[in-house]
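Since the structure comes first, as structure tokens, the remarks are kept for the end.
The values are calculated or read from the model by the stated rules, or taken from the named source; none is laboratory data. This one's a predicted model, so the numbers in the text were calculated from it and none came from an experiment. Ideal geometry is used to build each Cβ from the backbone, glycine not excepted, and the neighbour counts take in all protein chains shown.
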Amino acid sequence: MVGVFIAHLIFALVMLGMVTGIIAYLILLERKTAAWIQDRIGPNRVGPQGLLQPLADGVKFILKEEFMPIHADKILFILAPIVIIAPALCGFAVIPWGGDLAAGTALPKFLGGWAFPHTFHVMVANPQIGVLFVIAMASLSVYGVVLAGWASGSKYSFLGGLRATAQMISYEIPMVLSLLSVAVVAGTLRLGPITDLQATYFSSVSFLPAWNVFTQPVAFLLFVTCIFAESNRTPFDLAECEQELVGGYHTEYSSMKFALFFLAEYSAMITGSAVAVALFLGGWHLPWIDQLLYHGAQPVATGWLGMLLKFVVFWGKVIAFLFFYMWVRWTLPRFRFDQLMNLAWRGMIPLSLATFVMASVFVYLRQEGIIEHRGWLLLGNVVLIGIMFAVTELRPADSGNRRMYVLNSRYNPIPASAKAELESAV
């Protein structure tokens, strides 16, 4: 047992160092992605191809002056960055990064050759409430935002904190319901078994993997939207939009205190991406190639080579999802705040409730032996999407936000019927 504990501790330290190192180069990747989308070059001065730019940014943060506003609550002002970064780094603990190491797998001889007496889960911890742990860590980050906005003694920070609090609380509801929809169907709250159940196909003759994104696409779309909002990423960055709030809840922060807010955002992105991969995108499952490598289903418990393959596949999916994060940021404009809240309360919360009820009904019918195949759950999601579009089309034409016509505008040309009336008014 001592050996297993030491192995988990070493793995936790390795993952913490790996994640913090990846965060630095995620910032470089984001800047390069922005340059690519905007037809620019991006960072290219510090090191070959700009690869040392994250190190230069870190040195800059360390050497910048620490500023403390005169009206700030000093204790809470210092505590806020710590409160927001700690939950973001704790979320990695329950992610199944590489399946399981089979019992009896030995360490290399130069490390002592010690063999694992039992199956070793390639994760820091495997609690029975893994999904609830992820939800709890995501919800704790709101306290750091509230403390930063309140303790800064600035109206911009305070308004940014209020916006972020309302936004994060609103989008937590559909996020929780979308995750519970997956957990109800899987019959467990452990992330490991939920990932393991996806390492198959719909049937023996089907080429489509049994990933939850295919069986519950509505829950996946809800979850993706919510993790964008929870991490305050564009188009949901109303809490820190510079045109209105200068910098939002972290306006008064500088040096390494500001860097901690930056690190917390990217940590939340990695955690959200890893949870999306584990619960919806098959985790470490390598579709189609597994038939060639294993001549059948990819096993959960393997040796060192199998575990490393799963580890690489999992991180490949995470990095692809992180690129999607950045692509969306530099493509879509941000919402207005009333649109942001309407999307949550009038759209996503009713839809997530319907998704959760549908998943519960599916589980009940499967237990009663009425239906067995997960294709029925996919059919229910398709019907739900159809109902959603039908309700949207039935809304009155003048409801919501109407487009404003502008005379001589090439973006929104005015109809001929309204042109004379607008010219007379001008």
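Here are the numbers:
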| quantity | calculated |
| --- | --- |
| Long-range neighbours under 8 Å by Cβ, at least six apart or interchain, first residue closer than 11 Å to L177 by Cβ within segment 211-224, second part of a loop (DSSP other than H, G, I, E, B) | A219/F280; F223/F280 |
| Extreme residue, nearest to A210 (Cα to Cα), among residues of segment 350-375 that are in a helix (DSSP H, G or I) and β-branched (V, I, T) | V363 |
| Test: residue in segment 335-349 that is within 30 Å of W284 (Cβ to Cβ) and part of a helix (DSSP H, G or I) | yes |
| Pick from segment 171-215, criterion aromatic (F, W, Y) and outside any loop (DSSP other than H, G, I, E, B), ranking: farthest from L281 (Cα to Cα) | Y171 |
| Residue satisfying condition, being touching a residue at least 60 places away in the same chain (Cβ under 8 Å), assigned to a helix (DSSP H, G or I) and loosely packed, with under 15 Cβ neighbours inside 10 Å, within set V4, V59, V83, V19 | V4 |
| Unmet criterion (only one of (1) hydrophobic (A, V, I, L, M, F, W, C); (2) touching a residue at least 40 places away in the same chain (Cβ under 8 Å); (3) over 30 Å from F11 (Cβ atoms)) for L101 | (3) |
| Among (1) of a type in the set (V, I, T); (2) touching a Pro at 6+ places or on another chain (Cβ under 7 Å); (3) assigned to a loop (DSSP other than H, G, I, E, B), the one test that V46 misses | (2) |
| So A35, is it more than 30 Å from W114 (Cα to Cα), without any contact (Cβ under 8 Å) to a residue 24 or more places away in the chain and in a helix (DSSP H, G or I) | yes |
| Out of E265, E252, sole residue that is more than 29 Å from L377 (Cβ to Cβ), assigned to a helix (DSSP H, G or I) and of a type in the set (D, E, K, R) | E265 |
| Test for L76: is it among the hydrophobic types (A, V, I, L, M, F, W, C) and within 25 Å of the chain's Cα centre (by Cα) | no |
| Segment 62-80: number of residues that are part of a loop (DSSP other than H, G, I, E, B), closer than 15 Å to F158 by Cα and not acidic (D, E) | 3 |
| Residue list for segment 269-304, restricted to those being assigned to a helix (DSSP H, G or I) and modelled with pLDDT under 85 | I289, D290, Q291, L292, L293, Y294, W304 |
| Selected residue [buried (at least 19 other Cβ atoms within 10 Å of the Cβ) and closer than 19 Å to F228 by Cβ] from L147, L177 | L177 |
| Test set (1) crowded, with 18+ Cβ neighbours inside 10 Å; (2) of a type in the set (A, V, I, L, M); (3) modelled with pLDDT under 85 - L351 fails condition number | (3) |
